[in-house]
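The values are calculated or read from the model by the stated rules, or taken from the named source; none is laboratory data. Given the structure is predicted, the values throughout are model-derived calculations rather than measurements. So basically every Cβ, Gly included, is an ideal-geometry build from the backbone, and we count neighbours across all protein chains shown. Areas reflect the complete protein model, heavy atoms only, side chains present, ligands, DNA and RNA absent. Shrake-Rupley method; radii C 1.70, N 1.55, O 1.52, S 1.80 Å.
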Amino acid sequence: MSPANILTLALSKGRIFEETLPLLEAAGVEVKDDPESSRKLILETSRPDLRIIIVRATDVPTYVQYGAADFGIAGRDVLYEHTASHPGGLYQPIDLNIARCRLCVAVREGFDYHAAVRQGSRLRVATKYIRAAREHFAEKGVHVDLIKLYGSMELAPLVGLADAIVDLVSTGNTLKANNLVAVEDVADISSRMIVNRAALKTRGLLLRPFLDAFSRASTEA
Ligand code: ATP
Ligand code: PRP
């Protein structure tokens, strides 16, 4: 648990940290270190009652679930996979509208995905997002063998590991650079504020002003 009068916010470095900075600013918080240049994992802020911990994006829900962080920010993609094994563990009050992208099915240019689906072929699909992919293809009645990867999904169809991938797409530049095309949308993705359920009860007075400020700032953005 965090020290009694200090709130701990879990963030991942990179886009979530960068896109959270304006929301922190709107809440009157300045972060004292830059996680890109500092090796520190616990960052102080201008507020003595708020510290930030830097963890992997996929680990944010785990820190919050177990109360090592009171609250955090995580993508809907990550939350969907996390809640598969921890249903109901996290309070997810606010869609912050940051880190927006789409979860898509993509294939090599020239691979006729829709024909393969029509013919009832069994497809090999590589992804980090096993739950989202399983549910997407089950809903469509498409038979798939899922292959779990932890990154660089775009490589899989190029070297024969998979027929398709389920991955995040924003500008489309990564797909284009690897001669892949998106053929289906799985979900719209943005990041949410997540809160530890016990912290909400025991530290509600400390937490509430931050939740309100983030909520206001994200709807104004
Ligand atoms: P990990 O380090 O745990 O493997 P990661 O490398 O996916 O995670 P980031 O790339 O920082 O971590 O992504 C964090 C979140 O940002 C993702 O969970 C997703 O919600 C969102 N995201 C990922 N890629 C994009 C993108 N290209 N554009 C916008 N948002 C994105
Ligand atoms: C994400 C995602 C895609 C890419 C899509 O990767 O996994 O590869 O963004 O974005 P685009 O459509 O704008 O090209 P990221 O940049 O986070 O790299 P990483 O997950 O390998 O760290």
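Could you work out what % of the accessible surface of region 47-147 is carbon and sulfur, using a 1.4 angstrom probe and leaving DNA, RNA and ligands out of the count?
Ligands and nucleic acids excluded, carbon and sulfur give 46 percent.
Out of region 19-94, which chymotrypsin sites (Phe, Trp or Tyr not before Pro) are coil in DSSP terms and have no more than 13 other C-beta atoms within 10 Å?
Details: sites: 63, 66, 71, 80, 91; in loops: 66.
Loop-located and lightly packed - 66.
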*How much FRET efficiency would the formula 1/(1 + (r/R0)^6) give for residue 49 and residue 176, where r is the Cβ-Cβ distance and R0 is 35 Å, rounded to 0.05?*
0.15
*Calculate how large, on average over all directions, the projected area of the Cα convex hull of the chain is; give the answer in nm² to one decimal.*
12.9
_Can you tell me the mean projection area, over all orientations, of the convex hull of region 168-221's alpha carbons? Units nm², please._
5.8
*asked:* If Rh is defined by the Kirkwood formula over all Cα pairs and Rg also comes from Cα, what ratio Rg/Rh do you get for region 42-96?
replied: 0.98
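Return the ratio Rg/(2.2 N^0.38 Å) for region 101-188, where Rg is computed over Cα atoms only. Spell out each step's value before the answer.
On the way: Rg = 11.6 Å, N = 88, 2.2 N^0.38 = 12.1 Å.
In units of the 2.2 N^0.38 Å rule of thumb, it is 0.96.
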*Calculate, in nm to one decimal, what residue 83 and residue 39 gain on full extension: separation in residues at 0.36 nm each, minus their alpha carbon distance.*
12.8 nm
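In a shell of Cβ-Cβ distance under 9 Å around residue 46, excluding residue 46 itself, what net charge do Lys and Arg (+1) and Asp and Glu (-1) give?
Numbers: positive: 32, 47; negative: 30, 44.
So the environment of residue 46 carries a net charge of 0.
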*Between residue 158 and residue 97, what FRET efficiency comes out of the Förster formula 1/(1 + (r/R0)^6) with R0 = 30 Å and r the beta carbon distance, rounded to 0.05?*
0.35
*Go through 32/128; 32/148; 148/176 and tell me which ones have a Cα-Cα distance over 29 Å in this structure.*
32/128; 32/148
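Name the chymotrypsin sites (Phe, Trp or Tyr not before Pro) in region 119-156 that are in a loop by DSSP and that have at most 14 other C-beta atoms within 10 Å, would you?
On the way: sites: 129, 137, 150; in loops: 129, 150.
Listed in order of number, the matching sites are 150.
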*Using amide H atoms built 1.01 Å from N in the peptide plane, name the residues 5+ places from residue 94, or on other chains, whose amide H lies under 5 Å from its own.*
193
_Angle between the chain longest axis and helix 15-26 axis [Cα atoms, degrees, rounded to 10]_ = 30
*So what are the ³J(HN,Hα) numbers for region 204-211, from phi and the Karplus equation (6.51, -1.76, 1.60; θ = phi - 60°), rounded to whole Hz, Gly and Pro as x?*
x, 5, 6, 6, 3, x, 5, 4
